Amino acid sequence: MYPTSISLTNTNAQKPSDRTGLICWLEIPVKDVARAQKFYSDVFGWNTTLGEMASAAAGSSTIHFFTKGDSLHGAFHIMDEGCHLFNVDEADSKKLPLLTTLCVLNIEETLKKIEELGGKTHV
């Protein structure tokens, strides 16, 4: 779904256990990619010039990649006309959520712990 040509190599990589709980992938639906790139670059210093590709997500035409050092990677989704930023709504593909992915060592153990502590998961 995402290109393999973007190099995310890190010569000063943290140990996997040091990354647990950090945001490792972020998808942000936007209407104006140039505005979003300028805003996030100016405010947070994100590298927003990594290129674009067609999106496989419903309600999104293209995605434009960004990074922040070795810790954050993600993409801006260009929302199609009539689409809205919204919480997850499986009944309406025109409602695109902000998608945050957290790093964990073991997904099954993490999901079990979330449920044991009263949380709910949506996979």
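The values are calculated or read from the model by the stated rules, or taken from the named source; none is laboratory data. Keep in mind that what you see is a predicted model, and the values were worked out from it rather than measured. Virtual Cβ from ideal backbone geometry, glycine too; neighbours counted across all protein chains shown.
Restricted to segment 51-71, and to residues that are touching a helix residue (DSSP H, G or I) at 6+ places or on another chain (Cβ under 9 Å) and either surrounded by fewer than 17 Cβ atoms within 10 Å (Cβ to Cβ) or at pLDDT below 70 (or both), which residue is nearest to CYS24 (Cα to Cα)?
Of everything passing the filter in segment 51-71, SER71 is nearest to CYS24 (Cα to Cα).
PHE39: modelled with pLDDT of 75 or more, surrounded by fewer than 17 Cβ atoms within 10 Å (Cβ to Cβ) and touching a Lys or Arg at 6+ places or on another chain (Cβ under 7 Å), yes or no?
On the way: modelled with pLDDT of 75 or more: yes; surrounded by fewer than 17 Cβ atoms within 10 Å (Cβ to Cβ): yes; touching a Lys or Arg at 6+ places or on another chain (Cβ under 7 Å): no.
Against the criterion (modelled with pLDDT of 75 or more, surrounded by fewer than 17 Cβ atoms within 10 Å (Cβ to Cβ) and touching a Lys or Arg at 6+ places or on another chain (Cβ under 7 Å)), PHE39 does not qualify.
In segment 21-39, what residues are more than 14 Å from the chain's Cα centre (by Cα) and closer than 30 Å to THR110 by Cα?
Listed by number, the list holds a single entry, GLY21.
Taking segment 73-121 on its own, how many of its residues are modelled with pLDDT of 85 or more and of a type in the set (S, T, N, Q)?
Of the residues in that region, 2 qualify.
Would you check if THR48 is at pLDDT 85 or above and touching a His at 6+ places or on another chain (Cβ under 6 Å)?
Numbers: at pLDDT 85 or above: yes; touching a His at 6+ places or on another chain (Cβ under 6 Å): no.
Against the criterion (at pLDDT 85 or above and touching a His at 6+ places or on another chain (Cβ under 6 Å)), THR48 does not qualify.
Give the residue that is modelled with the highest pLDDT, with candidates limited to residues of segment 19-36 that are surrounded by 15 or more Cβ atoms within 10 Å (Cβ to Cβ) and under 14 Å from MET79 (Cβ atoms).
ALA36
For segment 37-56, which residues satisfy the criterion of being over 11 Å from PHE76 (Cα atoms), in contact with a Ser or Thr (Cβ under 7 Å, 6 or more places away or on another chain) and in a helix (DSSP H, G or I)?
SER41
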